[in-house]
Amino acid sequence: MLLAALLGLAWMRYFATGQVLAAKTRLVHGLDAAAYSGALVQARTLNFLSYLNRARLAHQVAMAHLVTLGSWAQFAGMEARRLAQGNPPAHLIGLMFGADHGRAYLAAAAATGLEARARASGSLGRAHAAHERFVHELSADLTRALVRDLPQVRLDAMRAVLASHYPEYDPGDLKPEVVDDAWTGLLRHHAPDGPLFDLVRHLAGLYPFLAPRNHTARNPWPVSGRCPHLRHELRRRGGTALDDSGRWRAGDTQSFHAVRSNRWIGCYYREYAMGWAWMPAQPGQAMDAEHVDVPPEDFSDQDFWRWVRSVAQWDLVDGRDNPLANSYALRDRLSWSSRGLGNYLDVASGAGQSAAAGFVVRMVLPDARGRPIHALSAAESLFSRPERRPDGLDESPNLFHPYWHARLAAALADAPGD
């Protein structure tokens, strides 16, 4: 009887220990699943933030296209006016530089009034303002909300997993607690810096529409006995650029440069401005090309070369720009409001190649006899490319590539024990 009693006590002790181990195992498995789910929510948030940064870059490229379109619209409208005035006449352009140039000049007639679209209230200006609003308001508000709400959303996801794991419990009784969290130190807001400028300029360089628009056509035959090496020129100049303030600017001009000569200065080029546009990055921005601030509307009262000598001091022989058209473009400039590239969110510097947003979660549940059972679990969201970079270099964790993944991790050494 004594032996039977001892065996009974041992069996009861073994059964109780088994119940504790079963409850502990169930809690650990459930908490691991919850922690992994929390890390997965966190990784998806980081990837979404990466897509948001990429969307902001796409909107910047779209604004570059719109500024260029605005410049083209104003340029075409100004050229339509010159065509209507016959200054210079279309047949002369076709005769000197070929039928294609003549037809292109005549086509400007269809652009009459197009410059209205380039005003801030025009269709292009309104589209630019919508992109600007996304970059500086909508995406910024969404970024702040995602970063702010992530801890609570992560906790809600873990509670939902635990509620499925423990259907016999009231969900309110399941209270996982995050006791060590690297989320708060993972990310940092950055002001527009050199790497961001370089990235935006690189992206813009992928689009031929934003490339420099420079072309010079020359008539094939000599036009002056004094300077037989000179030819009439049709100069098209234009470009789109991101200035140092992070704002886009664009300009376009075209001028007919006719070879002239006289006994006072010899041979020179007389410029006939055909089309012009200047979309500065911000109101009052100076133009870095040759120009004057107050150009005459015409030269009926003074010879072109005399005016240049007295006011502008342009090189009328070796110059390669359209300074008169530049001056008209500056005078008639149109400017759209812009706040630049804007701040952006990225991984804090010093995070290293293996930056991970890890956290430790703790939970306490009673066993069948009401004794508390403790468990710890840890998980992290880490940056890992699916394949090596084409250039073979390592890539630091960032919020421009959506390569964030979730995994379980060892509990941190300084995390509270079970």
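Key figures
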| item | result |
| --- | --- |
| Filter result (among the small types (Gly, Ala, Ser) and surrounded by fewer than 18 Cβ atoms within 10 Å (Cβ to Cβ)) within the range 386-410 | Gly392, Ser396, Ala410 |
| Check on Arg218, open to solvent by 20 Å² or more (accessible area, probe 1.4 Å), within 19 Å of Gly94 (Cα to Cα) and modelled with pLDDT of 95 or more | yes |
| Test: Phe97 is of a type in the set (Phe, Trp, Tyr), touching a strand residue (DSSP E or B) at 6+ places or on another chain (Cβ under 8 Å) and either touching a residue at least 24 places away in the same chain (Cβ under 8 Å) or open to solvent by less than 30 Å² (accessible area, probe 1.4 Å) (or both) | yes |
| Selection from the range 45-88 of residues that are without any contact (Cβ under 8 Å) to a residue 40 or more places away in the chain and surrounded by fewer than 16 Cβ atoms within 10 Å (Cβ to Cβ) | Ala58, Ala84, Gln85, Gly86 |
| Residue within the range 161-169 that is open to solvent by less than 70 Å² (accessible area, probe 1.4 Å), among the hydroxyl-bearing types (Ser, Thr, Tyr) and either farther than 30 Å from Leu31 by Cβ or at pLDDT 95 or above (or both) present | no |
| Residues (of a type in the set (Phe, Trp, Tyr) and touching a Lys or Arg at 6+ places or on another chain (Cβ under 8 Å)) located in the range 192-226 | Trp221 |
| Residues located in the range 288-316, provided they are open to solvent by 50 Å² or more (accessible area, probe 1.4 Å) and among the hydrophobic types (A, V, I, L, M, F, W, C) | Val294, Val311 |
| Filter result for the condition that a residue is in contact with a strand residue (DSSP E or B) (Cβ under 7 Å, 6 or more places away or on another chain) and more than 30 Å from Phe48 (Cα to Cα), over Trp307, Trp314, Trp276 | Trp276 |
| Residue in the range 244-267 that is among the charged types (D, E, K, R) and more than 39 Å from the chain's Cα centre (by Cα) present | yes |
| Residue tally, condition surrounded by fewer than 16 Cβ atoms within 10 Å (Cβ to Cβ) and closer than 13 Å to Asp318 by Cα, over the range 221-232 | 1 |
| Gly340 out of contact with any His (no Cβ under 7 Å at 6 or more places or on another chain), surrounded by fewer than 18 Cβ atoms within 10 Å (Cβ to Cβ), modelled with pLDDT of 90 or more and within 30 Å of Leu69 (Cα to Cα) | no |
| Candidates Ala130, Ala104, filtered to the one that is open to solvent by 40 Å² or more (accessible area, probe 1.4 Å), free of Cβ contacts under 8 Å to residues at least 60 places away in the same chain and under 24 Å from the mean Cα position of the chain (by Cα) | Ala130 |
| Members of the range 275-308 found to be more than 25 Å from Glu132 (Cα to Cα) and without any contact (Cβ under 8 Å) to a residue 12 or more places away in the chain, listed by number | Asp288, Pro296, Glu297, Asp298, Phe299, Ser300, Asp301, Gln302, Asp303, Arg306, Trp307, Val308 |
| The range 388-401 residues that are in contact (Cβ under 8 Å) with a residue 40 or more places away in the chain, paired with ones that are open to solvent by less than 100 Å² (accessible area, probe 1.4 Å) and in a loop (DSSP other than H, G, I, E, B) (beta carbon under 7 Å, 6 or more apart) | Pro397/Ala351; Pro397/Ala355 |
| Residue selected from the range 233-255 under the condition open to solvent by less than 10 Å² (accessible area, probe 1.4 Å) and outside any loop (DSSP other than H, G, I, E, B), by the criterion nearest to Ala58 (Cα to Cα) | Ala250 |
| From the options Thr45, Thr17, residue that is in a helix (DSSP H, G or I) and either modelled with pLDDT under 85 or farther than 25 Å from Leu345 by Cα (or both) | Thr17 |
| Residues located in the range 278-320, provided they are within 32 Å of the chain's Cα centre (by Cα) and closer than 19 Å to Ile265 by Cβ | Glu290 |
| Selected residue (criterion: modelled with the highest pLDDT) from residues of the range 279-326 that are in contact with a helix residue (DSSP H, G or I) (Cβ under 8 Å, 6 or more places away or on another chain) and of a type in the set (Gly, Ala, Ser) | Ala289 |
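Matching residues to (1) farther than 22 Å from Leu146 by Cα; (2) at pLDDT below 85; (3) not in a loop (DSSP other than H, G, I, E, B):
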| residue | (1), (2), (3) |
| --- | --- |
| Gly350 | yes, yes, no |
| Ser377 | yes, no, yes |
| His405 | no, no, yes |
| Leu408 | yes, no, yes |
| Ala411 | yes, yes, no |
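The values are calculated or read from the model by the stated rules, or taken from the named source; none is laboratory data. Remember, it's a predicted structure, so these values are computed and weren't measured experimentally. For neighbour counting, all protein chains shown are included, and Cβ atoms are generated from backbone atoms with ideal geometry for every residue, glycine included. Heavy atoms of the whole protein, side chains included, go into the accessibility calculation; ligands, DNA and RNA do not. Shrake-Rupley method; radii C 1.70, N 1.55, O 1.52, S 1.80 Å.
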